[in-house]
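Working notes, beginning with the structure itself.
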Amino acid sequence: MKEKKPLPIFAMILILFGVATIFLGVDEYEKYPIKFYSLEKGFKVAKKEDKPVLVYIHSDTCYVCRAFLEDLSKYEDLQKTFEKFVVVKIDFLTERALAMKFGATGTPEFHIFYPNGTPMKMNGVRAVYIGYAGSPDDERARKSLIAFLEGALRQYKSNR
């Protein structure tokens, strides 16, 4: 008698969970220590709280995006920096037209805006950080992103 393998059952459970997530509106991003907003809601919150907007363009299939999210879950320095922004999440695959409107070329990308929707410029160039690290726990990548975001915060404060 041939033994049944549990893999097909496990795969079916994963598929059903994915379908349920789509239909029930469950957002896997709710588990992270940073609140992610839709575009419209994010800019409303930014105006109310007088914070710059960080548009995070990602893809659930992007391993670099997953490395970033893993670091976001683990590192307090990254979390504290992100808390200074209103973070808008745009999926490059499902919201491609919107991502392209921002000039996205891939994932992950981090675009900085003023609450009124004007793109921030740093040294005369749009404030955009492209990429992250190929794997989690890359301190150099984390520190580089934090330095970019801290520079954007200084720019924001100097233009108020």
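The values are calculated or read from the model by the stated rules, or taken from the named source; none is laboratory data. Just so we're clear, the structure is a prediction, and the values are computed from it rather than from any experiment. Here the Cβ is made from the backbone with ideal geometry for all residues, glycine too, and neighbour counts use every protein chain on show.
The residues of the range 118-133 that are touching a residue at least 40 places away in the same chain (Cβ under 8 Å) and farther than 19 Å from VAL88 by Cα amount to a single one, ALA133. Taking the criterion of being assigned to a loop (DSSP other than H, G, I, E, B) and free of Cβ contacts under 8 Å to residues at least 24 places away in the same chain, the residues of the range 80-117 that qualify are THR94, GLU95.
Quick grid of which residues meet (1) crowded, with 22+ Cβ neighbours inside 10 Å; (2) of a type in the set (D, E, K, R); (3) over 23 Å from SER135 (Cβ atoms):
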site	(1), (2), (3)
CYS62	no, no, no
ARG66	no, yes, no
ALA99	yes, no, yes
TYR114	no, no, yes
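The requirement of being surrounded by fewer than 21 Cβ atoms within 10 Å (Cβ to Cβ), in a helix (DSSP H, G or I), touching an Asp or Glu at 6+ places or on another chain (Cβ under 9 Å) and not aliphatic (A, V, I, L, M) is satisfied by GLU70.
GLU83 - would you say it is at pLDDT 95 or above and out of contact with any strand residue (DSSP E or B) (no Cβ under 6 Å at 6 or more places or on another chain)?
The answer is yes for GLU83.
Of the numbered criteria (1) over 23 Å from LYS44 (Cβ atoms); (2) touching a residue at least 24 places away in the same chain (Cβ under 8 Å); (3) surrounded by fewer than 17 Cβ atoms within 10 Å (Cβ to Cβ), the one PRO136 fails is (3). Taken together, the criteria exclude THR61 from residues that are part of a loop (DSSP other than H, G, I, E, B), of a type outside the set (Asp, Glu), touching a Ser or Thr at 6+ places or on another chain (Cβ under 8 Å) and farther than 15 Å from TYR32 by Cβ. Condition (residue is part of a helix (DSSP H, G or I), in contact with a Gly (Cβ under 8 Å, 6 or more places away or on another chain) and either at pLDDT 95 or above or within 22 Å of LEU145 (Cα to Cα) (or both)) applied to the range 26-45: is it met by at least one residue? Yes. Selection of the range 41-50 for residues being touching a residue at least 60 places away in the same chain (Cβ under 8 Å) and crowded, with 19+ Cβ neighbours inside 10 Å yields PHE43, ALA46.
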